[in-house]
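Asker: Below are the structure tokens for one structure; questions will follow.
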Amino acid sequence: MKFDDILTHLGEFGPYQKRIYVLACIPAISVAFQTLLPVFYLAIPDNRCAVPGLANDTYKSQGSAHDIIVNRTIPWERNDDGVSKLSECNVYTNFTAGNETQECTSWVYDKTTFTSTALAQFNIVCGNKGWRATSNSITFAGSLVGAIFLGLLSDLIGRKKTFFLSIFFHCASSISIAFAPNMVGFVALRFINGVSSTGVFMTSFVIGMELVGPSKRVLAGIVIELFWCLGLFILGALAYALRDWQHLQLAVSVPPVLMLLMWWFIPESARWLLSRGRDAEAEQIIRKAAEVNGVDLPPKIFDKSTLDVNQPRAKVWEMFTTPVLLIRTLVIFVNWFVVSMVYYGLGLNVQNLSGDIYLNFTIANIMETIAYALCIILLDRTGRKKLHCGSMMLGGIACLLTMFPVMYGDSSHAWITTTLSMIGKLGASAAFAIIYVFSAELFPTVVRSSGMGASSTFARVGGIISPYVADLGLLVGGDLKVALPLIVFGAVSVGAGLLSLLLPETLNRKLPETIDDAKVFGRTNSSTDYYLDTLEDTDIDKGSSSKKKESDKF
């Protein structure tokens, strides 16, 4: 009996699977915390140079005497918006106002929105502003390392051990970040956090999915994203209540330590145990599931064909052997790269938008939740191709339109840019969810695992680049500093969305199993050549890869 047949007999999403699935999804909340925390603790508050030698200097005026000292010490400059303000980077060379200035070495910060941020604590301002993008990029680089090495470790020592090892380092690094002594230590700890967060999300995703029946995997693969969204809503509320970055970091990092207690409730993957020849342990788990689900199992449930260990294999580079396969594979890789870059870039870009950062963050989370709900409703109705292309085009066009309120409007039209950015987030979130299912169905069975792994690598490279795009306005300045990142995200989204039209639809089609199947897949609509078959026959595991949001979403 094939393993998917066993799951169908058990009940594809019975009480036992639901219990394990929910437990496996809970860590996505903590991963969401750490992934989007930079929106708050890497924010750059309004600041100016501190008055040299004035111990009690503050950004807020302390009265006329304080204002006189500040004005004699700090020159006034025009910022990118043409507004005059006290210099962020220069002080006069002497205590009397003159023309000669020098770079300052200490700063004072506006504490209206944030009591403290990491960038303010480490004085990452002026010429050091690029450290913000670098810090985020290095974290996504950690996600890439984690995806590669922890994915291999998961196959070697098991899902459960890798899962809890990742949780341990995820919690340890998250807590340690709050006590980072300097920017170098802060970035190093965030790299470790990126590695471990990927391991947490990836293995939890796999543990949950490997006990879910074939027809429920699309649903389960998207529902975990709702746990991610729950984490973002909690983060927004805590960030609003705790304005000190270290307090916020600890508040979202200490409670997840309790996840280690799930060791006694989450079993090893029965599918992995079977692949390692540990049939007795796998059978014990399956029979426990049957007992909870109220299902009777035959005396013998496993045989040599259960996992198709003798199924012929192929290499992912065989997807480059013909023009059709080459174009199709490159289009898939480009879409993974773009959707990851845009999703994470728009998430980080919230801190650059006008208006209240907490409100903007919450609205973005609402849009993401709506996107996943729409995917659940529409994915099996409209098809993968139309929905993915439509999501990319919606998000891309919305981002491109931000150039008009910037070029032809004024500060009173800033809400238009924010609104368009939120629509862009909706499109990017939906596209990220769809591309998992779509590409898993396009790769033939014999290269599906390696094809999804290669796609995930491109997604993580997109994540590494996204912070620099999000901070383009900060690094370049000028009139388009707010819209420039959105214009870039919009242009690549539209381009990738149009390219996705080259891909064939997969809904209600018998999916390719071999390289030869993939060569002709999509060339005919004949029901005699392609027909709706059971998902068991395709041996597809639509949830075999992780999103994560480094993703991919880790």
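Asker: Only one of (1) touching a Pro at 6+ places or on another chain (Cβ under 8 Å); (2) surrounded by 15 or more Cβ atoms within 10 Å (Cβ to Cβ); (3) not aromatic (Phe, Trp, Tyr) is not met by Ala141, so which one is it?
Answerer: It fails just one condition, (1).
Asker: Could you tell me whether any residue of the range 380-395 is acidic (Asp, Glu), assigned by TED's automatic domain parsing to the domain that holds Thr514 and in contact with a Lys or Arg (Cβ under 7 Å, 6 or more places away or on another chain)?
Answerer: No: zero hits.
Asker: Still on this model: Under 8 Å between Cβ atoms, which residue pairs at least 6 apart in sequence (or on different chains) link something in the range 484-508 that is under 11 Å from Ile332 (Cα atoms) with a partner that is outside any helix (DSSP H, G or I) and of a type outside the set (Asp, Glu)?
Answerer: Taking only residues 6 or more apart or on different chains, the pairs are Leu503/Gly522.
Asker: Wholly within the range 325-412, which helices (runs of 4 or more DSSP H) include no fewer than the required count, namely at least 1 residues that are touching a Pro at 6+ places or on another chain (Cβ under 8 Å)?
Answerer: Answer list for the range 325-412: 384-400.
Asker: Right, another one. Taking the range 237-280 as the region of interest, how many residues are touching a helix residue (DSSP H, G or I) at 6+ places or on another chain (Cβ under 7 Å) and surrounded by 14 or more Cβ atoms within 10 Å (Cβ to Cβ)?
Answerer: 24
Each row is one residue, and each column tells you yes or no for (1) within 19 Å of the chain's Cα centre (by Cα); (2) at positive phi; (3) assigned by TED's automatic domain parsing to the domain that holds Ile366; (4) modelled with pLDDT of 85 or more.
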residue	(1), (2), (3), (4)
Ile397	no, no, yes, yes
Val406	no, no, yes, no
Leu426	yes, no, yes, yes
Tyr436	yes, no, yes, no
Ser450	no, no, yes, no
Ile465	yes, no, yes, yes
Val469	yes, no, yes, yes
Gly478	no, yes, yes, no
Leu484	no, no, yes, yes
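Asker: Answer with yes or no whether Thr58 is hydroxyl-bearing (Ser, Thr, Tyr) and buried (at least 22 other Cβ atoms within 10 Å of the Cβ).
Answerer: So Thr58 does not fit the description; no.
Asker: Name the one entry in Arg72, Arg48 that is in contact with a Phe, Trp or Tyr (Cβ under 7 Å, 6 or more places away or on another chain) and in a strand (DSSP E or B).
Answerer: Residue meeting the stated conditions: Arg48.
Asker: Continuing with the same structure: Tally time: how many residues in the range 1-40 are farther than 20 Å from Leu260 by Cα and of a type in the set (Gly, Ala, Ser)?
Answerer: 2
Asker: How many residues, within the range 144-167, are surrounded by 16 or more Cβ atoms within 10 Å (Cβ to Cβ) and either under 19 Å from Met209 (Cβ atoms) or assigned by TED's automatic domain parsing to the domain that holds Ser340 (or both)?
Answerer: Of the residues in that region, 14 qualify.
The values are calculated or read from the model by the stated rules, or taken from the named source; none is laboratory data. This one's a predicted model, so the numbers in the text were calculated from it and none came from an experiment. Every residue, glycine as well, gets a Cβ built from its backbone with ideal geometry; the counts of neighbours run over all protein chains shown.
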